[in-house]
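Have a look at the structure below before the remarks.
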Amino acid sequence: MATGLSSPTTSSKKQRLKEKTIYIKKALKRNTGLYIIISPAVLYFLIWHYWPMYGVQIAFKDFAPGLGIWNSPWVGFEHFERLFNAYYFWTILKNTLAISIYGLLVGIPAPIILALMFNELRSKRLQTVVQTISYAPHFISVVVAVGILMFFISPHNGVINSIIETFGGQRRDFLAEPSNFWHLFVWSGTWQGIGWASLIYTAGMAGISPELYEAAYIDGANKFRRIWHVTLPGILPTIVILTILSAGGILSVGFEKILLMQNDMNLSTSEVISTYMYKSGILNAQYSFSAAVGLFNNVINFIMLIIVNAIAKRAGETSLW
């Protein structure tokens, strides 16, 4: 029996592998321009999102800058136990969840309603002007947005307090009242992002066939019926995808805006995971503990993304994967 001869099965596998390699090379050569275009984005994610994952191990170490990440001693789950046993843990978790869920309940339907209103405008010029005005706040910085908010609610020279005083009321420091913080944070964020988010839904509505509206009109459906039975089902996949993405970041409340609005009087409702992580890691130099807090935050977000995506997939045919 000749041992140097390859079997027909092995030869066919080699042949298929060779053909697949040739096909991949041709595809790469054919789409070289496209790969060059996306290469900056790929490099960005590799450098700033994937390479830093190497440093996640300091959450399980007693990190010392002098020793470096690799030589710092392992401490296991000590930092996580410290976080979970801290008396303030449930407070910051409650604040983070409350602000995020509040933001979802307001931030998901608001741009949909605005996009529906834009879609019903018959004057294209008016629609363009109103859309431009609505999404302009998206391009201003967080510092400017908080400055505009303070222009209205400042206890000294704010517009709202001036109106209250004009009608015989007493000036109020709205940010000094913990019960006001969630409302101010969520609704100011909604004002800043509602116009930009509505553009996505407006683009989705543009892809709905006009024949569906004509058929609904012929069947006697009024304007609200056409919105309910034609427009909303047409943008439902977009709504589901954006809801899944939003739910996947349920614990990712940005710390910049909260720090700008935070003061000693509203800490009971304004301290969230991201601000606590910033204060622990940057201000107090507790790098390992801060990394543990951030890792806990990201793991919960990932789990929520999986759960919400599974629910969406089971309920319908639209999901991320």
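The table for this structure:
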quantity: Estimated FRET transfer efficiency when R0 is 45 angstrom, pair Lys13-Leu46 (beta carbons, to 0.05); calculated: 0.85
quantity: Gaussian network model of the chain, Cα within-10 Å springs - most flexible of Ser198, Ser188, Ser162; calculated: Ser162
quantity: Label of the coordinate-derived value, P(r) over Cα pairs in 20 Å bins from 0, in percent, listed as [x] 21, 45, 27, 6, 1, 0; [y] 33, 58, 8; [z] 26, 52, 22, 0; calculated: [x]
quantity: Alpha-carbon centroids, the range 78-112 and the range 180-226: separation in whole Å; calculated: 28
quantity: Highest-fluctuation residue, Thr128, Thr202, Thr96 considered, GNM on the chain with Cα pairs under 10 Å; calculated: Thr128
quantity: Computed [θ] at 222 nm, deg cm²/dmol, the chain (DSSP H ≥ 4; -39,500 (n - 2.57); rounded to nearest 500); calculated: -21000 deg cm²/dmol
quantity: Fraction of the pair-distance distribution of the range 18-58 above 11 Å, Cα-Cα pairs, percent; calculated: 71
quantity: Range in the chain, longest, excluding exposed GluC sites (Glu not before Pro) [loop by DSSP; at most 15 other beta-carbon atoms within 10 Å]; calculated: 121-316
quantity: 10 Å-binned pair-distance histogram of the range 162-316 (Cα, whole percent); calculated: 9, 22, 27, 20, 15, 6, 1
quantity: Residue pairs, from the table Lys61/Lys279; Lys124/Lys223; Lys257/Lys313; Lys25/Lys313; Lys94/Lys313, whose Cα atoms sit over 26 Å apart; calculated: Lys257/Lys313; Lys25/Lys313; Lys94/Lys313
quantity: Neighbour net charge for Pro178 - beta-carbon separation under 14 angstrom, K R +1, D E -1; calculated: -2
quantity: Restricting the range 78-140 to chymotrypsin sites (Phe, Trp or Tyr not before Pro) in coil, as DSSP defines it, with at most 14 other Cβ within 10 Å; calculated: Tyr87, Tyr88
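Each reported figure results from applying straightforward, stated rules to the coordinates on display, with no laboratory input. If you're wondering where the values come from, they're calculated on a predicted model, not measured in any experiment. No Cβ is skipped: glycine too gets one built from the backbone with ideal geometry, and neighbour counts run over all protein chains shown.
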